[in-house]
Amino acid sequence: MRLPTWLSQHLAALRALLVMTVLLGLAYPLAFVAVGHLPGLSHKANGSMVSAGSTLIGQSFTDADGNPVPKYFQSRPSAAGDGYDPTSTAASNLGPESVVDTADAKSLLTQVCERSLAIGKLENVDGSRPYCTSDGVGAVLAVFYRDGLTGPVTRAVSVNQTGTPFIATYEGVTVESAKNGEDYVAEGGVITPIRGDAPAKPVVPADAVTASGSGLDPDISVAYANLQAPRIARERNLSPVRVHQLIEEHTEGRALGFMGEPAVNVLELNLALDGK
């Protein structure tokens, strides 16, 4: 007995649905699970878990007050929740134009300046950077010109400082300190970062003062690890040679040999220091 055309089409569609469900909903995922349990892959497939967490997710090595624990290598900053929170993975969404502080939040520039100064103090190195003041805020002026955007300077305000300005004068005009609640851009000021006399290549690497896009980056640059090595050697009474050897042992090369830069896994390195 020949089935009606409409019924045959529905049965064919049902068979196709069942076959694709078995193939893509069961066989395909189970095949990848099986591959993930092959020798050499099972550890990564299961989250790269170790005694102190996952080596794929960064974490802070600080005390209860948020201060760095000196005997540990420090991770890069994180904008994910309170730091390295997998449920709040995110970037700060601040970019190169974020140079003026507001009443509610510090600019990216000031955050970078603060971090660089703090790391310089922790590592006993020069923490200065271009476009940063000596007290760790963005070195930015709101400059007023006679003809709007041109002509002689008539006024200059250090927009990120309510105290003594980081420079006394700008093009012959005395620099004013900022007043809370004032919008100097709305008043016609041109935002002008001042480079200052900091070295072109700061001692503190960029990854030490900027958060990653995910906020979960477990790695730091080799340069940042080497910057911390003297402190680690001193705090743990180890030879600098041994500390640098551990850094080298926990450095991962470029992806596929040419993409990105070599990186050091902070958690694995700290566990090695603890003998775990």
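The values are calculated or read from the model by the stated rules, or taken from the named source; none is laboratory data. All figures in this text were calculated on a predicted structure; none of them were measured in a lab. Note that we place each Cβ from the backbone using ideal geometry, even for glycine, and neighbour counts take in every protein chain shown.
Yes/no matrix, rows are residues, columns are (1) among the β-branched types (Val, Ile, Thr); (2) in the same structural domain as Glu252 (by TED's automatic domain parsing); (3) at pLDDT 95 or above:
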position	(1), (2), (3)
Tyr72	no, yes, yes
Tyr84	no, yes, no
Thr89	yes, yes, no
Val112	yes, yes, yes
Ala118	no, yes, yes
Thr150	yes, no, no
Thr154	yes, no, yes
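In the set (1) within 30 Å of Pro96 (Cα to Cα); (2) out of contact with any Leu (no Cβ under 7 Å at 6 or more places or on another chain); (3) not hydrophobic (A, V, I, L, M, F, W, C), the condition left unmet by Ser239 is number (1).
Identify all residues within the stretch 146-172 that are buried (at least 17 other Cβ atoms within 10 Å of the Cβ), of a type outside the set (D, E, K, R) and free of Cβ contacts under 8 Å to residues at least 60 places away in the same chain; write none if there are none. Spell out how you get there, then give the answer.
Within the stretch 146-172, the first condition is being buried (at least 17 other Cβ atoms within 10 Å of the Cβ), and the residues that meet it are 153, 155-161, 165-166, 170.
Then keep just the ones that are of a type outside the set (D, E, K, R); that gives 153, 156-161, 165-166, 170.
Once the filter is applied, which keeps residues that are buried (at least 17 other Cβ atoms within 10 Å of the Cβ), of a type outside the set (D, E, K, R) and free of Cβ contacts under 8 Å to residues at least 60 places away in the same chain, the stretch 146-172 yields Val153, Ala156, Val157, Ser158, Val159, Gln161, Pro165, Phe166, Tyr170.
Per-residue answers, yes or no, for (1) out of contact with any Phe, Trp or Tyr (no Cβ under 7 Å at 6 or more places or on another chain); (2) modelled with pLDDT of 75 or more:
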| residue | (1), (2) |
| --- | --- |
| Leu11 | yes, yes |
| Leu38 | yes, no |
| Gly47 | yes, no |
| Gly58 | no, yes |
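Checked against (1) under 28 Å from Phe73 (Cα atoms); (2) buried (at least 19 other Cβ atoms within 10 Å of the Cβ); (3) in contact with an Asp or Glu (Cβ under 9 Å, 6 or more places away or on another chain), Gly127 meets all criteria but (3). The residue of the stretch 211-227 that is nearest to Ser92 (Cα to Cα), among those that are surrounded by fewer than 19 Cβ atoms within 10 Å (Cβ to Cβ) and touching a helix residue (DSSP H, G or I) at 6+ places or on another chain (Cβ under 9 Å), is Ser221.
Could you please find all residues in the stretch 85-107 being in contact (Cβ under 8 Å) with a residue 40 or more places away in the chain and either surrounded by 22 or more Cβ atoms within 10 Å (Cβ to Cβ) or not in a loop (DSSP other than H, G, I, E, B) (or both)?
Hits for the stretch 85-107 are Pro86, Ser88.
Picking from Pro218, Pro193, Pro230, which residue would you name as being more than 22 Å from the chain's Cα centre (by Cα), under 19 Å from Ile119 (Cα atoms) and touching a residue at least 40 places away in the same chain (Cβ under 8 Å)?
Numbers: Pro218 fails: more than 22 Å from the chain's Cα centre (by Cα); Pro193 fails: under 19 Å from Ile119 (Cα atoms).
Within the list Pro218, Pro193, Pro230, the selection yields Pro230.
Taking the conditions (1) closer than 30 Å to Thr89 by Cα; (2) surrounded by fewer than 20 Cβ atoms within 10 Å (Cβ to Cβ); (3) β-branched (Val, Ile, Thr) in turn, Val204 satisfies each one other than (2).
With the condition kept exactly as written, say whether any residue in the stretch 136-146 is farther than 30 Å from Ser54 by Cβ, out of contact with any Pro (no Cβ under 9 Å at 6 or more places or on another chain) and in a loop (DSSP other than H, G, I, E, B). Yes, the stretch 136-146 contains at least one residue that is farther than 30 Å from Ser54 by Cβ, out of contact with any Pro (no Cβ under 9 Å at 6 or more places or on another chain) and in a loop (DSSP other than H, G, I, E, B).
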